[in-house]
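Have a look at the structure below before the remarks.
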Amino acid sequence: VQPSQTGLAQPAEERLSAQDFNRIRQLAYQRFGLNLSPAKEVLVSSRVLKLLREENIPSFAEYWQRIETDSSGESLIALVNALTTNFTSFMREPKHFEFLRQQVLPTIPPGEPVRIWSAACSSGEEPYSIAMSMLAAGRTPKLVASDISTRAMGKAEKGVYQADETGGVPPDWLGRYFLRGHGNSAGLMKVRPEVHGAVQFRRFNLLSDPLPAERFHVIFCRNVMIYFDAPTKSRVVTRLAQTLLPGGYLFIGHSESLLGVPNPLEYVEPAIYRWMPSSKPSGRGK
Ligand SMILES: C[S@@+](CC[C@H](N)C(=O)[O-])C[C@H]1O[C@@H](n2cnc3c(N)ncnc32)[C@H](O)[C@@H]1O
C-alpha cells in the first residue's frame, strides 16, 4: 500500500538526506549503542520514513523537532523499535543449552534456583527456552528477561506464538510446556504458566540503565553486540560482568566475538566467557 492510498500525509522526502541519516545515526549510537553503518542507509531511511507515515508527520524536520522536545521518551522508543532487528527463535544456538545443562547445572546446588538473565530477550523465545530447559532438567529457573524494544517485549510478555514459530522446540516439550489454542486461537501456542511465571520482564537499555540488583549464574546476551562497536561492547560486557556471581558465565552469539574488546571475563570456549574474580582481564585472546 502506497502512503497516498492510506490517507496519511506523505513525507516530502522519498529517502532521508545524508545529513538526516547522519543525525539518526549519531542519535542511535549515543542513546542505544547501535552502530548503523553507511551500508544500512537505505534500510534506515525506509524504516524511519515508514515511522513518519505511521505517525502522520509531514517532514523529517518536524520529526526531529519532536524527538528533541519529547520528554516522555515515546518518540525515542518508537525509533528504537523501528531500527532494531528482533529476529530470534526457540532453542537458538543449542550449544549454549547443552553447556548450561552439562557444565553449569552441576555447579549449582539442587535446591537453589538457577538465576539467569536474558539481556536482549527480543520477543521471548530465548528466556522461555531457558526456562523450559531448566524445568526439563528438574531445576527451578528464576529468570530476568529484558530488551530495549517495547514492541518485542510486548510479544515476550504475552508468551503467545504462531505454531510455526515454535519449530525449534523439542516435540515432547510442545505438549508439556505449551497450551494449544482452539477455536479463534487455533494455530496459536501459549507458554504454560509454570514457564511464564519463571520469567520477570523488564525494559532495559544495555548501555545506560541502572543494573539489576540481582546476581546471576548465567547471562545470555546473544546477537545484540553485533550492532555495537568495540568501545560499546567493552562497556556493555564490563557492566554485565558486575551482575555475575563469582564463576558465573556470559553467553554471546556464536557469530560475535570479544576479540580486541577489553573486558574482565575469562574466555572459556567460542561464545562463552566466565567471571573469575581473581583472573586477569581478557579481550586479547579469542
Ligand atoms: C537479534 S535480537 C536477539 C534476540 C536473542 N538474544 C537471540 O539471540 O535470539 C537483538 C535484540 O537486541 C535488542 N537491543 C538492541 N540494542 C539494545 C540495547 N541497547 N539494549 C537492550 N537491547 C537492545 C533488540 O531490540 C533486539 O530485540
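Values in this text are rule-based calculations from the coordinates and carry no lab data. Worth saying up front: this structure is predicted, and the values here are computed from it rather than measured. Heads up, the Cβs are rebuilt from the backbone with ideal geometry, glycines too, and the neighbour counts pull from every protein chain shown.
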Between helix 74-83 and the chain: long-axis angle, C-alpha atoms, 0 to 90°, nearest 10: 80
Given Cβ point charges of +1 (Lys, Arg) and -1 (Asp, Glu) and nothing else, what value in debye, to the nearest 20, does the dipole of region 52-192 about its Cα centre take? 680
Radius ratio Rg over Rh of region 238-277, counting only Cα atoms, Kirkwood formula for Rh: 0.92
Please work out whether region 208-254 counts as rounded, prolate or oblate from its C-alpha gyration tensor, where a ≥ b ≥ c are the square roots of the eigenvalues and a/c under 1.5 means rounded, while otherwise a/b larger than b/c means prolate and anything else oblate? oblate
For region 91-176, the convex hull over Cα atoms projects on average to an area in nm² of 5.7
Based on DSSP H runs of at least 4 residues, each adding -39500 (n - 2.57), what is the mean residue ellipticity at 222 nm of the chain after dividing by all its residues, to the nearest 500 deg cm²/dmol? -10500 deg cm²/dmol
Values of log10 I(q)/I(0), in the order q = 0.06, 0.12, 0.14, 0.16 Å⁻¹, for the chain under a Debye, Cα-only, solvent-free model: -0.22, -0.83, -1.06, -1.25
If you take every residue apart from A213 with its C-beta less than 15 Å away from the C-beta of A213, what net charge results, scoring Lys and Arg +1 and Asp and Glu -1? +3
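Pull out a ≥ b ≥ c, the square roots of the eigenvalues of the alpha-carbon gyration tensor of region 17-63, then state rounded if a/c is under 1.5, prolate if not and a/b is larger than b/c, and oblate in the remaining case.
Prolate, because a/c is 1.5 or more and a/b exceeds b/c.
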Positive-pole candidate from V237, A163, G187, dipole of the chain, charges at beta carbon: V237
Determine Rg/Rh for region 129-227; Rg is computed over alpha-carbon atoms and Rh is the Kirkwood hydrodynamic estimate from the same atoms. 0.98
With +1 at each Lys and Arg Cβ and -1 at each Asp and Glu Cβ, the charge dipole magnitude of the chain around its Cα centre, to the nearest 20 debye, comes out at 640
Nearest 5 percent is fine: what portion of the DSSP beta bridges confined to region 145-269 is antiparallel? 45
Considering only C-alpha atoms, what is the centroid distance from region 253-277 to region 110-188, in Å? 26
Hey, fewest Cβ within 10 Å first, where do S133, S17, S71, S234 land in order? S71, S17, S234, S133
Taking the Cα centre of region 190-285 as the origin, how large is its charge dipole in debye, to the nearest 20, when only Lys and Arg (+1) and Asp and Glu (-1) carry charge on their Cβ atoms? 140
How many percent of DSSP beta bridges within the chain run antiparallel, rounded to 5? 45
Pairwise label distance in nanometres, Q30 with E98, each label 7 Å out on the Cα-Cβ vector: 4.6
